[in-house]
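Please read the structure below before turning to the comments.
We did not get these values from a lab; they are worked out from the coordinates using the rules stated. A quick note: this is a predicted structure, and the numbers were derived from the prediction, not measured. Using ideal geometry, Cβ is built from the backbone for each residue, glycine included, and neighbour counts are taken over all protein chains shown.
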Amino acid sequence: MTRKSTVNRAIQFGTDGWRAQIGEDFAFENVRRVACAIANYVREEGEPERGLLVGYDMRFLSPEAAEVAADAISSRGVPVTLADRPTPTPAVSHAVVERKSAGGLVITASHNPSRWNGIKFKAPYGGSALPSIMERIEFHLDRRDNAGARSSETRARRETADLVAPYLARLKSIVDFPAIRASGRRFVIDPMFGAARGVIAGLFSESGISCTEIHSEHNPLFPGLNPEPIEPHVADLQRAVEDAGCDAGFATDGDADRVGAVDRDGSFIDSHKIFSILLLHLAEDCKLSGEIVKTFSTTQMIDRLAAKYHMPLTVTPIGFKYICELMLKRDVLIGGEESGGIATKGNPPERDGILNSLLLAEVMARRDRTLGELVAELSSEFGTHVYSRVDLEVSRPAMMRLLAHLRHHRFRKIAGRRIASTESLDGFKMLFEPSGWLLV
């Protein structure tokens, strides 16, 4: 759901908030407008006494934008707690639930290049706001008095707090660090110049687990990479794992809600394989059950695992908001998408790249296998699964013409592969005989 504001056309909302380029639409005036709209929504339609949290990542102007947002929220009569340091988005989500807050703002552009910044909004349940919530925030953004001045008498309490430490304590309570230490495995951690710097490496070091961290300095230019844990941006991690002779490498994106991994031989372990490994671990090692949710663009290996474990599987359109909505209503064991966002039972209905990295280390320890060996075992049982993505920037009219062309002509073959059926839950998917698919 995106549309331009009738008041300020520079601000466009997606389901996870607002993003814009620094120095253009991402300006303090617009940060203030968005923060005021969220505060007005909470004050008039929520529970303002519970207050709002504000976190921020390592990007240029993020700390300053967080200050502006906190001041704007306080000026609208809603109590606000500002993070005392750069904070991973999963830590803010955890804090929203733990503190029973009315929601949380995170100054971040997630995995986008360095020239971008933005604001994510986390609802009281700790996950991305549902479309119905974003629609109401847009309504308040469009109000003429949204960012107007308020007298000092209306200002609410404002404080600063450590939102990271309680999150770390939670991780220590649910991850088997002694088993990881006993395995003797060695790791390379790549926070990609993002908010997770020092988090996984600190937990490992504290637990006596050997690890090295790269890209951990504060450099908002993200030199040489985009903070997205996919190829080619994990090239430095791949080299570091091989050069150090480590067993695995874990990467998290700019705000640490997405995960990517590297095997000991430097090969990239994509999100589809990570999703499959974590499902295997939860079902077999942890003896947990529940519904499995995946987006339309995710591997069919998940289907085969769900059938093996006799667990219900639901396929949603692309976007983590659909997974979050189901996790709020049903008993979901794990939900994942192809972009590296995965949520698990017993945690906020939100992506967590840090926890998922730790769980990968845990399953390696429990099963005494490398990531590559785990993938090989899954492939041996369910068949080899390969995934590739090509990103093209095209105009919306051109995109719509292509999709209409595909639906209208009903091709029988693509690149010599016979099309068995098609699906249009999101975009246009062609399923081939005997297996495989192409999604536009």
Exercise for review: Taking the chain as the reference, fit the longest principal axis to its C-alpha atoms, fit the long axis of helix 89-98 to the helix C-alpha atoms, and give the angle between the two in degrees, 0 to 90, nearest 10.
Suggested key: 70 degrees
Review point. Along the charge dipole of the chain, Cβ charges K/R +1 and D/E -1, which of Val315, Leu168, Ser114 sits furthest on the positive end?
Key: Val315
Revision key, fill the gap. Whole-Hz Karplus couplings 3J(HN,Hα) for the range 114-122, θ = phi - 60° and coefficients 6.51, -1.76, 1.60, Gly and Pro as x, run 5, 6, 9, 8, x, 9, 9, 10, 9
Exercise for review: May I ask which residue of His408, Leu280, Pro220 lies farthest towards the positive end of the charge dipole of the chain, with charges of +1 (Lys, Arg) and -1 (Asp, Glu) on Cβ and the Cα centre as origin?
Suggested key: His408
**Study point:** Share antiparallel - DSSP beta bridges, the chain, percent rounded to 5
**Key:** 55 percent
Practice item. With both partners inside the range 186-327, how many of the DSSP beta bridges are antiparallel, as a percent to the nearest 5? Key: 40 percent
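Mind checking Rg over Rh on the range 262-302, alpha carbons, Kirkwood formula for Rh?
Numbers: Rg = 11.8 Å, Rh = 11.5 Å.
Radius of gyration relative to Kirkwood radius: 1.03.
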Practice item. Report, in degrees rounded to the nearest 10, the 0 to 90 angle that the Cα long axis of helix 353-367 makes with the longest principal axis of the chain. Key: 30 degrees
Point to revise | the chain, helix-only ellipticity at 222 nm - DSSP H runs n ≥ 4, -39,500 (n - 2.57), divided by all residues, nearest 500 | key: -11000 deg cm²/dmol
Point to revise | Correct choice for mean projected area of the Cα convex hull in nm² that was computed from the model, options (i) 22.7; (ii) 21.0; (iii) 38.8 | key: (ii)
Point to revise | Fraction of beta bridges assigned by DSSP in the range 93-232 that are antiparallel (%, nearest 5) | key: 60 percent
Exercise for review: Taking all pairs of distinct Cα atoms, average 1/r, flip it, and tell me the Kirkwood hydrodynamic radius of the range 333-440 in Å to one decimal place.
Suggested key: 17.3 Å
Check your understanding: Looking at the range 327-430, which GluC sites (Glu not before Pro) are in a loop (DSSP not H, G, I, E or B) and have at most 12 other Cβ atoms within 10 Å?
Key -> Glu393
Check your understanding: Taking 0.36 nm per intervening residue step and subtracting the Cα-Cα distance, what contour gain separates Glu217 from Arg418 on full extension?
Key -> 67.4 nm
Check your understanding: Taking the range 99-241 as the region of interest, what is the percent of Cα-Cα pairs per 5 angstrom bin, listed from the shortest bin to the one with the maximum distance?
Key -> 2, 7, 12, 14, 16, 16, 13, 9, 5, 4, 2, 1, 0
Check your understanding: How large is the charge dipole for the chain, taken about the Cα centre, if only the Cβ atoms of Lys, Arg (+1) and Asp, Glu (-1) carry charge, to the nearest 20 debye?
Key -> 1280 debye
Check your understanding: Cα-Cα pairs above 21 Å in the range 1-113: how many percent?
Key -> 32 percent
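If I stretch the segment between Ser207 and Arg369 completely, what's the gain in nm (0.36 nm per residue apart, minus their alpha carbon distance), one decimal? Provide the component values of the computation, followed by the final result.
On the way: separation 162, 0.36 × 162 = 58.32 nm, distance 2.03 nm.
Answer, rounded to one decimal: 56.3 nm.
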**Study point:** Acute angle (nearest 10 degrees) that the helix 131-142 long axis makes with the longest principal axis of the chain, alpha-carbon atoms
**Key:** 30 degrees
Study note, to complete from the structure: With +1 on the Cβ of every Lys and Arg and -1 on the Cβ of every Asp and Glu, the dipole magnitude of the range 85-164 about its Cα centre, in debye rounded to the nearest 20, is 140 debye
Revision key, fill the gap. Using eta = 1.306 mPa s and T = 10 °C, Stokes-Einstein with Kirkwood Rh from Cα pairs puts D for the range 294-367, in µm² s⁻¹, at 123 µm²/s
Check your understanding: Given the pairs Lys321/Lys413; Lys273/Lys413; Lys287/Lys329, which are separated by over 26 angstrom at their Cα positions?
Key -> Lys321/Lys413; Lys273/Lys413
Check your understanding: With springs only between Cα atoms under 10 Å, which of Thr89, Thr316, Thr384 fluctuates most in a Gaussian network model of the chain?
Key -> Thr384
Review point. What is the gain in length, in nm to one decimal, between Glu98 and Thr160 on full extension, counting 0.36 nm per residue of separation less the C-alpha to C-alpha distance?
Key: 20.7 nm
Practice item. Would you mind computing, in nm to one decimal, how far apart the modelled labels at Ser267 and Leu392 are, each placed 7 Å from Cα along Cα→Cβ? Key: 3.0 nm
Practice item. Between Glu231 and Glu381, take the C-beta separation as r, use R0 = 30 Å, and let me know the FRET efficiency to the nearest 0.05. Key: 0.70
Review point. Once amide H atoms are built 1.01 Å from N in the peptide plane, which residues 5 or more positions from Gly51, or in another chain, come under 5 Å H to H?
Key: Ala102
Review point. With r defined as the distance between the Cβ atoms of Leu425 and Ala169 and R0 fixed at 25 Å, what FRET efficiency is calculated, to the nearest 0.05?
Key: 0.05
Point to revise | Where labels lie 7 Å past Cα in the beta-carbon direction, separation of Arg50 and Arg143 in nm | key: 1.9 nm
Study note, to complete from the structure: Quick calc, Ser435 & Leu402: beta-carbon distance into FRET formula, R0 30 Å, rounding 0.05, result 0.75
